[in-house]
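Only one structure is covered here, and it is reproduced in the block below.
Derivation of every value follows stated rules applied to the coordinates shown; laboratory data play no part. Source: prediction; values computed, not measured. Quick reminder, even Gly has a Cβ in these numbers, built from the backbone with ideal geometry, and neighbours come from all protein chains shown.
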Amino acid sequence: MKARSSAWPLALLFAGMVVYASLYPFTGWRDQGVVPLAFLQAPLPQYWTGFDIAANLVGYAPLGFLLALALRRSGQGRWTWLVACGLPVMLSLAVETLQSYLPMRVPSNVDLALNAVGAVLGVMLALLIERLGALRRWSQIRANWFEPSAHGGLVLLALWPFALLYPQPVPFGLGQVWDRVESGLINLLADTPFLAWVPVRQTEPVPLGLLTESFCIGLCVLSPLLMGYAEMRSRIRRLAFCGLLLGGAVAVAGLSSALTYGPDHAWAWLTPQAQLGVVLALVVGVLCIVMPRRLCNVVMLLCLAVSLSLLNGAPLSPYFAQSLEVWEQGRFIRFHGLSQWLGWLWPFAALVFGLLSVSRPSAAPTHAT
């Protein structure tokens, strides 16, 4: 029987991220009068940076790795490794070809070669860990730790740290989109009768108070924590997951701050209200360890709904908008839009996932002591 694997949706999502990063900002499409595949025979570029080399080399390694795992767990035969290497190369060739129609992007045979090498390295890593028995042990660990239906939740949990990389006005405050949606609708519907339908705020939004911000931070951390609880098979594992998630969240927030403001300011986000919010999430998370699976999903939905309401009722800080120039004009221009979209959409995807989980019939309890 073929085993279901979270590697398939992760591979598809990562392929979408690669396409996004490679074709961003998706504007100015036109025929530039060159043969699309001419870059294959072009001379080597005279200028490149270490960051570009690393990004192209490492960018495709996870895709090859995930494809190899997905194909292997799907019961594919000896062609698994060849297909896992070939698909990323074909994707890279397609993206480089499309870049011929974008004035802001330059197709490169070096990029294609680095992408191919990265994909092969990812596949080789998957092959190595299979030969070492790591895949079999992971399958055992997964069966011991997670419910059999734990697939969508694991994918969202894997994406959560990447969504945190884009700096947020409120630490861990994903999904603050109303100001952008409002301005986007106004620009889209300008000079049309439908402009009057846009629910524009009648009063100036008030910034979050310090205690309210701490409460909001706690809810934002509790949401993925409860999502993980709903997929866990025992209370002991939930307790371990609580420590891992909170420690990882603090580390990723520090990395995001270091990328934005510099390494010397990695912990600038850890204000007293942020510390209180993390402690609140820890205390409530420990108390929620005993909750049944369905109740975890229900409370997660409440946390998401309240945090999104608080975040989208607050204004964006002008100082915060200035700090984003490091991402939008620096070397992260290929990635800031992608991480930004993850930060915007993750809570809403979690809401849909939670509603679907709550609507499913209850399964027999499998919690161990």
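Which values of log₁₀ I(q)/I(0), to two decimal places, follow from the Debye formula for region 69-110 at q = 0.28 Å⁻¹ with a uniform point scatterer at every Cα? Taking Cα atoms of region 69-110 as identical point scatterers yields -0.89.
Placing pseudo-labels 7 Å out from each Cα toward the beta carbon at Ser149 and Leu12 gives an inter-label distance of 1.9 nm.
If each DSSP helix of 4+ residues adds -39,500 (n - 2.57) and the sum is divided by the residues in the chain, what number results at 222 nm, nearest 500 deg cm²/dmol?
Working: 15 runs with 239 residues, N = 369.
That calculation yields -21500 deg cm²/dmol at 222 nm.
Using θ = phi - 60° in the Karplus curve 6.51 cos²θ - 1.76 cosθ + 1.60, the 3J(HN,Hα) couplings for region 224-233 round to x, 5, 5, 4, x, 4, 5, 9, 8, 9 Hz; x is entered for Gly and Pro.
Translational diffusion coefficient of region 218-310 (Stokes-Einstein, Kirkwood radius from Cα pairs, 20 °C, 1.002 mPa s): 155 µm²/s. Rounded to the nearest 20, the Cβ-based charge dipole of the chain about its Cα centre (Lys and Arg +1, Asp and Glu -1) stands at 1780 debye.
Sorted by packing (mean other beta-carbon atoms within 10 Å per residue), highest first, where do 183-192, 215-224, 147-156 land? Before the final figure, lay out the partial values.
Working: 183-192: 10.9, 215-224: 26.0, 147-156: 18.0.
Order by mean packing, descending: 215-224, 147-156, 183-192.
Near Ala42, within a Cβ-to-Cβ distance under 15 Å, what is the net charge of the other residues, with Lys and Arg +1 and Asp and Glu -1? Don't jump to the answer; show the numbers that get you there.
Values: positive: Arg105; negative: Glu96, Asp111.
Residues near Ala42 contribute -1 overall.
Any idea what the alpha-carbon Rg over 2.2 N^0.38 Å comes to for region 196-236? Scaled against compact globular proteins, the figure is 1.93.
Expressed in Å, the radius of gyration and Dmax of the Cα atoms of the chain are 22.6, 68. Working from label points 7 Å from Cα in the Cα-to-Cβ sense, the Asp31 to Leu210 distance is 6.4 nm.
Only one residue of Leu225, Val181, Pro193 has its Cα farthest out toward the positive end of the dipole of region 174-235, where Lys and Arg carry +1 and Asp and Glu -1 on Cβ, and that residue is Leu225.
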